[in-house]
Structure formats: C-alpha cells, structure tokens
Amino acid sequence: MGRPDLTELRTKQILDAFERCVGQVGLEASSLERIAQEAGMKRSILRHYVGNREELVVALTRRVVGKYRETLVDMAGSIAPPGRVEQLIRILLPAQSPETTASIVVIESLIAAADTNQLVREQMAAYLDDVVAMVSEQLQQEFPDRSRHQCWTIAYGVVCIWFNHASLGPLRLARKYLTAARSTMRTLISTLD
C-alpha cells in the first residue's frame, strides 16, 4: 500500500499560512521562509506542493477569488422581490461587515500585485466583472425598461461605493458613514427610476 497523496491537505495548509501572513504583514513581507514557518513546514515543502513565489501568489488569488465568488452566488440567490434594491444595498453594506482587517489587507494586496502579475490581474478583473454583472442583473430585474448598459453603469458605481466603504473598515468608522454610503447607493440607483 502506497503513501497517501497529501497534495490537497498540504496545499490547503500552505495557502492558509500564506493568507494569514499576508493579512498580518502584507504580500511583500510574506516571504517563503515566513510562510513555511507559519505553516510549520520546510520551505522545500512549499515549493514542492505549490511552486515558486509567483505560483503561490496566483494560487492564493484563485483561492480568495473563489471564496468571494461563492459568497457572490449566495448573495445573488438570496435577493428576491419585493424590495430588491434595498436587499441588495443591505447585503453589500451590512450593519456589521463580515470583512476583517486581515481580509481587507489580503484583497488589497492582491489588487496591488495585479499591477505586475498578469494572472492575478486577470483573476481579479474577472471577479470584478462577475460582481458588477450580478448587481447589474439585479438592477435589470428591478428596472426592466432600462437598457443593460444603463444598469451596468449604475452597477459599477454601486460596486465602487461598496468596495471603497469596505476598504475603510479598519478605520472603524462611525455609523454615519454607513448611512451615507447606503444613501449614496440609493441615490445612484434612483437615476434608473
């Protein structure tokens, strides 16, 4: 009987450790040595299961985007009439954000890495396309007489408000900022009415 294939387990352990490192110290400071130490394994094990640093960054991007995509599908599936617009706004801007400072650092680090890594850029851009398309589809259902282009344009604005508000999460802003972000989304969406 041969040894069990540990690829899936080791890859998960490595990516868990890498994500924790990026959340704590950012992408640039997350060296292979630091990741190996966080994962409790030798650096050669990282390279064996995931590859070099660039391959590790791409694997982390796929993983993070995959998690966000699952959340996106759940979000879209939970929205139904009546009150579609208000549901959408409250899902994108909940009273208690599910994002942690570490998760914000991870996503912002990957966006920054997209500047020099085409594979990361493609993954992140594809996710943005998916989010805008989901919001656009919700708006199209609420405003069926508006063109796809009009709904897509407003959806992009809504996504920008959402992302920028979420990125400010570590500031622990007063409730007035959440209220303002929601109000701004409503105002923007109301242009479709």
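General remarks:
- Column: log10 I(q)/I(0), Debye, Cα scatterers of the range 1-51, q = 0.14, 0.26, 0.29, 0.33 Å⁻¹: -0.33, -0.94, -1.10, -1.29
- All other residues whose Cβ lies under 15 angstrom from that of ASN164 are scored, Lys and Arg at +1 and Asp and Glu at -1, for a net of -1.
- Of the DSSP H helices in the chain, those whose Cα atoms cover at least 15 Å axially and whose Kyte score averages -1.0 or more: 7-25, 53-78, 101-113, 118-142, 148-167, 175-190
- 222 nm mean residue ellipticity, helices alone, for the chain (DSSP H n ≥ 4; -39,500 (n - 2.57); rounded to 500): -24500 deg cm²/dmol
- Gyration tensor (alpha-carbon) shape descriptor, the range 44-101, a/c threshold 1.5: prolate
- The eigenvalues of the Cα gyration tensor, multiplied by 5 and square-rooted, give the range 60-190 an equivalent ellipsoid with semi-axes of 24, 19, 13 Å from largest to smallest.
- Long-range HN-HN contacts of GLY26 with modeled amide H, under 5 Å: none
- Structure remark: mean-square fluctuation, Gaussian network model of the chain, C-alpha springs under 10 Å; the largest value among ALA80, ALA125, ALA174 belongs to ALA174.
- Restricting the calculation to Cα atoms, every distinct pair contributes to the Kirkwood radius of the range 6-134, found to be 15.9 Å.
- Cα gyration tensor category, rounded, prolate or oblate, for the range 110-152 with a/c compared to 1.5: prolate
- Loop-resident sites, the range 122-193, for trypsin sites (Lys or Arg not before Pro), counting at most 13 other Cβ within 10 Å (DSSP): ARG172
- By other beta-carbon atoms within 10 Å, ranking HIS165, HIS149, HIS48 with the fewest at the front produces HIS149, HIS48, HIS165.
Values in this text are rule-based calculations from the coordinates and carry no lab data. This is a predicted model, so every value here is computed, not measured. Reconstructed Cβ throughout: ideal geometry from the backbone, glycine too, with neighbour counts over all protein chains shown.
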